[in-house]
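S.K.: Input: one structure, supplied below.
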Amino acid sequence: MLDILASIVPTVLFFSAPLIFTALGGVFSERSGVINIGLEGLMVMGAFVGIVFNLAFADVFGGLTPWISIIVAMVAGALFSVIHAVASVSFRADQTVSGVAINMLALGVGVYLTKVWYGKGQTDMVAEPFNSQTIPVLSKIPIIGPIFFEGVYVTSYVAIIVAFIAWFVLYKTAFGLRLRAVGEHPMAADTNGINVSKMRYIAVILSGALGGLGGSVFALTIVSNFSHATIVGQGFMSLAAVIFGKWHPLGAMGAALFFGFAQSLSIVSSGIPVLENIPQIFLLIAPYVLTILALAGFIGRADAPRANGIPYIKGNR
Amino acid sequence: MRQVIQVKSNNRLFGILVPIISVLLGLIVGAIIMLISGHNPIEGYIALWNGAFYDEFTIGETIRRITPLILTGLAIAFAFRSGLFNIGAEGQVIIGWLAAVWVGLIVDAPMIIHLPLAVLAGALAGGLWGFVPGLLKAKLGVHEVIVTIMMNYIALYVSNEIVRSVLTDHDTSTEKIAATASLGSEWLQALTFYSRMHYGILIALFAALIMWFIIDRTTIGYELKAVGFNRHASKYAGMNVSKNIILSMVISGAFAGLAGVMEGLGTYGNVSVISGFTNLGFDGIAVALLGANNPLGVVLAAILFGVLKEGAGEMPSAGVPTELVDIIIAIIIFFVASSYIIRWALTRFKKEGK
């Protein structure tokens with residue numbers, strides 16, 4: 001049993017981390033009332049920038065390169081998401097359509113630049129990816145140590161910490177209250193002197209930063225290069241985690257961990273007696289089927305923020 | 001009254017101007033990107049033109065490319081008309097493709113039965129894939145966007161699994177369908193230097209006609225539009241809103257399923273394990289949006305995007321990566337979606353002109 005856990009838990013954490021980051025971004029954006037189908041594209045942008053920066057500066061920064069890469073990818077994601085913010089907040093575009101365009105644009109730009117810079121459809125493998133490590137003191141704790149702190153990626157724990165920070169920001173600070181108010185009832189928020197557009201801009205840009213972070217962490221832990229097939233659906237899965245987690249940061253984290261678990265099952269299932277007889281296909285589609293069931297109310301109702309997807313036009317009732 | 005008429009004609013003018021301006025802006029941005037990345041935009045666009053219209057063969061291939069885009073565009077436009085956003089066209093394409101090829105493989109019948117049966121199977125499978133989100137939307141109020149996204153992934157994995165374990169013995173693609181189920185046409189192929197052009201284009205154009213007929217000439221279409229405009233008013237007027245939502249998603253799914261049929265019975269003649277989406281469904285969103293959800297507009301927009309996508313294949317000869325076209329299409333979508341700002345700029349411009 002302990003062996004099984006020690007093989008599953010690190011894998012779950014490994015697969016979940018990018019989803020957690022990105023889903024938290026989705027929570028911020030949607031809580032402010034801006035639907036973000038573009039999470040996928042934001043991850044693509046993050047993965048692209050993270051990999052390119054890592055390839056270009058591995059000599060300069062050495063062992064610190066992956067950390068600096070994900071910070072740069074965060075900034076790039078934030079900047080890229082401004083397009084979505086401008087379209088959906090200022091230009092009152094249909095937010096879903098704008099999100100779809102973000103996805104197409106990110107992949108187009110990423111692969112286009114890859115071809116222009118590297119002369120082929122995919123980059124080389126990075127020299128400095130994140131490596132799994134055994135955390136010194138903590139791994140010595142009996143039982144818990146080997147399960148949680150041996151052969152893990154530090155980024156996984158960063159993701160979990162960020163989830164708690166996001167929860168604190170959204171539920172324990174004035175900023176978070178305003179952000180949620182803007183997503184529930186923008187007119188009331190406006191009457192109380194909150195700048196609706198500004199809050200929504202901030203929220204979308206935060207989602208860009210977190211999406212970029214998620215994409216770059218995915219690229220630098222799991223695949224180590226960039227091509228058109230680096231991010232295939234992780235962004236949509238994060239969006240599913242947002243909804244499955246009922247638009248709550250910790251809920252989204254839980255959902256992301258669960259999806260990571262489902263993904264890792266299709267990889268480690270051969271070692272687990274109960275699961276080895278289940279055809280892989282069921283484990284593959286499990287996250288998606290469960291999300292639909294969750295939405296249909298079989299796993300408790302999931303209600304979106306009330307003003308989600310509706311552009312706010314001052315002076316309209 | 002005169003004012004009303006003026007506003008109306010203004011709206012119609014904007015309705016035509018917005019897409020045209022968006023396309024031009026998209027092409028200009030594309031040219032700027034080519035310039036910045038050190039390519040010659042004129043050479044790039046000439047290569048694009050040649051890629052789509054160089055000779056009979058490329059024209060045939062361009063028409064083949066346009067065919068499924070018309071259908072996915074119709075699918076999304078149809079759902080839009082009743083206020084639904086069918087992002088699931090992608091999954092419906094995959095399932096329609098699979099079902100049509102499946103029937104094409106296992107049924108043994110003369111062409112007059114086999115071909116319609118296979119086409120119908122694809123449309124029905126797509127319709128079924130649209131039925132689930134429609135039902136959930138109508139009965140439980142679940143947002144169709146998320147359900148259809150999830151259905152896309154389920155379609156992708158299920159189709160791959162069926163190809164691998166049911167239709168073949170752990171192979172990556174099935175055998176070719178029976179000739180009695182093929183949309184291929186020797187006549188069209190001979191006409192176009194053996195391109196992969198097939199009879200599907202007739203089905204696609206006919207589907208556009210059907211959509212126009214349903215939406216503009218039948219009670220069903222009237223109700224679907226009414227539900228799209230105002231769900232509550234339609235309910236008050238005695239329409240069955242749930243039924244209309246489900247029906248709209250099923251018809252939309254059937255159109256998308258037909259797009260899959262075009263690929264399965266026309267272009268490829270088989271179905272393969274795919275690592276990612278076909279993108280036909282997502283491109284359909286762009287087509288519907290640019291075509292203003294109107295059947296004729298959809299056909300025209302599909303022609304434009306089909307030409308761009310097919311022409312892109314030739315762009316590397318000018319040193320430009322094919323992805324430039326994806327960027328251009330994304331930018332066109334942004335501008336059409338943000339038509340509010342284009343309208344604003346146009347009215348502003350007009351006022352200053354006076």
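S.K.: I'm told B:THR172 meets every condition in (1) surrounded by fewer than 24 Cβ atoms within 10 Å (Cβ to Cβ); (2) in contact (Cβ under 8 Å) with a residue 60 or more places away in the chain; (3) within 14 Å of chain A (Cβ to nearest Cβ) except one. Can you identify the failing condition by its number?
M.R.: (3)
S.K.: Which condition does A:PRO146 not pass, out of (1) modelled with pLDDT under 95; (2) surrounded by fewer than 18 Cβ atoms within 10 Å (Cβ to Cβ), if it passes all the others?
M.R.: (2)
S.K.: Among the residues of the stretch B:33-59, count how many are of a type in the set (S, T, N, Q) and part of a helix (DSSP H, G or I).
M.R.: Taking the stretch B:33-59 as the starting set, the residues that turn out to be of a type in the set (S, T, N, Q) are B:37, B:40, B:50, B:58.
Imposing the further condition that a residue be part of a helix (DSSP H, G or I) reduces the set to B:50, B:58.
Residues that pass the stated criteria total 2.
S.K.: Turning to a different aspect of this structure: Would you check which residues across the stretch B:98-118 are under 22 Å from B:GLU161 (Cα atoms) and either more than 21 Å from the chain's Cα centre (by Cα) or of a type in the set (Val, Ile, Thr) (or both) and list them? I'd like the intermediate steps shown before the answer.
M.R.: First pass over the stretch B:98-118, keeping only residues under 22 Å from B:GLU161 (Cα atoms): B:98-107, B:118.
B:VAL101, B:TRP102, B:VAL103, B:GLY104, B:LEU105, B:ILE106, B:VAL107 - these are the residues of the stretch B:98-118 that are under 22 Å from B:GLU161 (Cα atoms) and either more than 21 Å from the chain's Cα centre (by Cα) or of a type in the set (Val, Ile, Thr) (or both).
S.K.: Same structure, new question: Considering only residues that are facing chain B (nearest Cβ under 7 Å) and either among the hydroxyl-bearing types (Ser, Thr, Tyr) or touching a Phe, Trp or Tyr at 6+ places or on another chain (Cβ under 9 Å) (or both), which ones fall in the stretch A:108-131?
M.R.: Taking the stretch A:108-131 and keeping what is facing chain B (nearest Cβ under 7 Å), we get A:108-109, A:111-112, A:115-116.
Hits for the stretch A:108-131 are A:VAL109, A:VAL111, A:TYR112.
S.K.: Of the residues in the stretch B:224-240, how many are in contact with a Lys or Arg (Cβ under 9 Å, 6 or more places away or on another chain) and crowded, with 19+ Cβ neighbours inside 10 Å? Write out each step before concluding.
M.R.: Filtering the stretch B:224-240 down to residues in contact with a Lys or Arg (Cβ under 9 Å, 6 or more places away or on another chain) leaves B:224-225, B:227-228.
If we keep only those that are crowded, with 19+ Cβ neighbours inside 10 Å too, we end up with B:224, B:227-228.
Total satisfying the criteria: 3.
S.K.: Can you find, within the stretch A:140-155, the residue that is nearest to the chain's Cα centre (by Cα) among those that are part of a helix (DSSP H, G or I) and not polar (S, T, N, Q)? It would help to see each step written out before you state the result.
M.R.: Going through the stretch A:140-155, the residues part of a helix (DSSP H, G or I) turn out to be A:140, A:144-148, A:154-155.
Narrowing the set further to residues that are not polar (S, T, N, Q) leaves A:140, A:144-148, A:154.
Working: A:LYS140: 31, A:ILE144: 27, A:GLY145: 27, A:PRO146: 27, A:ILE147: 24, A:PHE148: 22, A:VAL154: 16 Å.
Per the criteria, the residue is A:VAL154.
S.K.: What pairs come up if the first residue lies in the stretch B:60-82 and is not in a helix (DSSP H, G or I), the second is not β-branched (Val, Ile, Thr), and their beta carbons are under 7 Å apart, counting only those six or more places apart or on different chains?
M.R.: Here the result reads B:SER82/B:LEU224; B:SER82/B:LYS225; B:SER82/B:GLY228; B:SER82/B:ASN244; B:SER82/B:SER248, each pair linking the stretch B:60-82 to a residue that is not β-branched (Val, Ile, Thr).
S.K.: Give the number of residues within the stretch B:272-292 that are outside any helix (DSSP H, G or I) and within 12 Å of another protein chain (Cβ to nearest Cβ). Before you say what the answer is, go through the steps one by one.
M.R.: Taking the stretch B:272-292 and keeping what is outside any helix (DSSP H, G or I), we get B:272-279, B:291-292.
Add one more test, that the residue is within 12 Å of another protein chain (Cβ to nearest Cβ), and what stays is B:274-277, B:279.
Number of matching residues: 5.
S.K.: Here are some conditions: (1) surrounded by 23 or more Cβ atoms within 10 Å (Cβ to Cβ); (2) at pLDDT below 95. A:LEU2 meets all but one. Which one does it not meet?
M.R.: Every condition holds for A:LEU2 apart from (1).
S.K.: Quick one: which helices (runs of 4 or more DSSP H) sit completely within the stretch B:88-163 and have at least 2 residues that are touching a residue at least 12 places away in the same chain (Cβ under 8 Å), under 14 Å from B:ALA178 (Cα atoms) and more than 14 Å from chain A (Cβ to nearest Cβ)?
M.R.: Details: elements: B:89-106, B:111-140, B:144-162.
Per the criteria, B:89-106, B:111-140.
S.K.: Given the residues A:ALA302, A:ALA262, A:ALA294, which is the only one that is at pLDDT below 80, under 30 Å from A:VAL111 (Cα atoms) and among the small types (Gly, Ala, Ser)?
M.R.: Just one listed residue meets the conditions, A:ALA262.
S.K.: Another question, if that's okay. Tell me, which helices (runs of 4 or more DSSP H) lie completely within the stretch B:188-265 with 1 or more residues that are of a type in the set (Ser, Thr, Tyr) and in contact (Cβ under 8 Å) with a residue 40 or more places away in the chain?
M.R.: Hits in the stretch B:188-265: B:241-261.
S.K.: In the stretch B:187-194, is there at least one residue being more than 9 Å from chain A (Cβ to nearest Cβ), surrounded by fewer than 18 Cβ atoms within 10 Å (Cβ to Cβ) and in contact with a strand residue (DSSP E or B) (Cβ under 9 Å, 6 or more places away or on another chain)? Spell out how you get there, then give the answer.
M.R.: Of all residues in the stretch B:187-194, those more than 9 Å from chain A (Cβ to nearest Cβ) come to B:187-194.
Subsequent filtering for residues that are surrounded by fewer than 18 Cβ atoms within 10 Å (Cβ to Cβ) retains B:187, B:189-191, B:193-194.
So of that shortlist, the ones also in contact with a strand residue (DSSP E or B) (Cβ under 9 Å, 6 or more places away or on another chain) come out as B:189.
For the stretch B:187-194, residues more than 9 Å from chain A (Cβ to nearest Cβ), surrounded by fewer than 18 Cβ atoms within 10 Å (Cβ to Cβ) and in contact with a strand residue (DSSP E or B) (Cβ under 9 Å, 6 or more places away or on another chain): present.
S.K.: I want to confirm something. Restricting to the stretch A:242-254 and keeping residues that are out of contact with any Phe, Trp or Tyr (no Cβ under 6 Å at 6 or more places or on another chain), at pLDDT 85 or above and surrounded by 24 or more Cβ atoms within 10 Å (Cβ to Cβ), which single residue is farthest from A:GLU30 (Cα to Cα)?
M.R.: Per the stated criteria, the residue is A:MET253.
S.K.: More than 14 Å from chain B (Cβ to nearest Cβ), crowded, with 24+ Cβ neighbours inside 10 Å and not acidic (Asp, Glu): does that describe A:ASN54?
M.R.: On the way: more than 14 Å from chain B (Cβ to nearest Cβ): yes; crowded, with 24+ Cβ neighbours inside 10 Å: yes; not acidic (Asp, Glu): yes.
Spelling it out, A:ASN54 is indeed more than 14 Å from chain B (Cβ to nearest Cβ), crowded, with 24+ Cβ neighbours inside 10 Å and not acidic (Asp, Glu).
S.K.: Which residues, counting only those in the stretch A:76-98, are of a type in the set (Gly, Ala, Ser), assigned to a helix (DSSP H, G or I) and within 11 Å of chain B (Cβ to nearest Cβ)? Show your work before the answer.
M.R.: Kept after step one, since they are of a type in the set (Gly, Ala, Ser), are these residues of the stretch A:76-98: A:76-78, A:81, A:85, A:87-88, A:90, A:93, A:98.
Cutting the leftovers down to assigned to a helix (DSSP H, G or I) gives us A:76-78, A:81, A:85, A:87-88, A:90, A:98.
Answer for the stretch A:76-98, where residues must be of a type in the set (Gly, Ala, Ser), assigned to a helix (DSSP H, G or I) and within 11 Å of chain B (Cβ to nearest Cβ): A:ALA87, A:SER88, A:SER90, A:SER98.
S.K.: Within the stretch B:299-354, work out how many residues are of a type in the set (Phe, Trp, Tyr), more than 10 Å from chain A (Cβ to nearest Cβ) and surrounded by fewer than 19 Cβ atoms within 10 Å (Cβ to Cβ).
M.R.: Step one: list which residues in the stretch B:299-354 are of a type in the set (Phe, Trp, Tyr), which gives B:305, B:334-335, B:340, B:344, B:349.
Checking the rest, the ones that are also more than 10 Å from chain A (Cβ to nearest Cβ) come to B:305, B:349.
Filter once more, so that each one left must be surrounded by fewer than 19 Cβ atoms within 10 Å (Cβ to Cβ): B:349.
Total satisfying the criteria: 1.
The values are calculated or read from the model by the stated rules, or taken from the named source; none is laboratory data. Not measured: the values here are computed from a predicted model. Virtual Cβ from ideal backbone geometry, glycine too; neighbours counted across all protein chains shown.
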